[in-house]
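Reading through the structure tokens given below for one structure.
Read-outs throughout are calculated quantities, based only on the coordinates presented, and are distinct from any laboratory measurement. Everything numeric in this text was worked out from a predicted model, so none of it was measured. Reconstructed Cβ throughout: ideal geometry from the backbone, glycine too, with neighbour counts over all protein chains shown.
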């Protein structure tokens, strides 16, 4: 077929598809064109639980999920968890820990780890210093555990900070402690 014949045929087919007639589109899969939108946490009368949020099937685990072995066991974490990069003081590793620390820890514990962060100063119970003698005496595993499981009024940061990044934060805290030695 020549271009002179194909061009008008394509033009006619294109324009016929652009008609704004009264006929609705053909739904090949029924119920897919109109979704009953729900607002966040809105009740759904058709759901057995009444929730518009879908529950995962019982017994399933999210992809990549690894349960924390020392939940509620700070002594076990202190003894068993060992920092895999305990001697790594490379600038990239420390910078990684510093970045996570500034985002998640610095607001309460302060940028230099002294417990004087902008949010921490407004709390009725002041966050502890991470560069003082008490924190220096904590094992790397216990600091990792506190980030993972929380302690006192501090909640867990396991959902916000990846396991590898928690070790980077531990290394950054140790770096802060060496920088403030004697202060």
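Quick check: residue separation of residue 3 and residue 82 times 0.36 nm, minus the Cα distance between them. What number comes out in nm? Write down the numbers at each step before the final one.
On the way: separation 79, 0.36 × 79 = 28.44 nm, distance 7.30 nm.
Once the chain is fully extended between residue 3 and residue 82, it gains 21.1 nm.
Based on Cα positions only, what radius of gyration and what Dmax would you give for region 74-179, in angstroms?
12.7, 37
Going by how many other beta carbons lie within 10 Å of each one, how would you line up 86, 161, fewest first?
86, 161
So what's the gap between the Cα centers of region 73-102 and region 114-148, to the nearest angstrom?
Their Cα centres are 15 Å away from one another.
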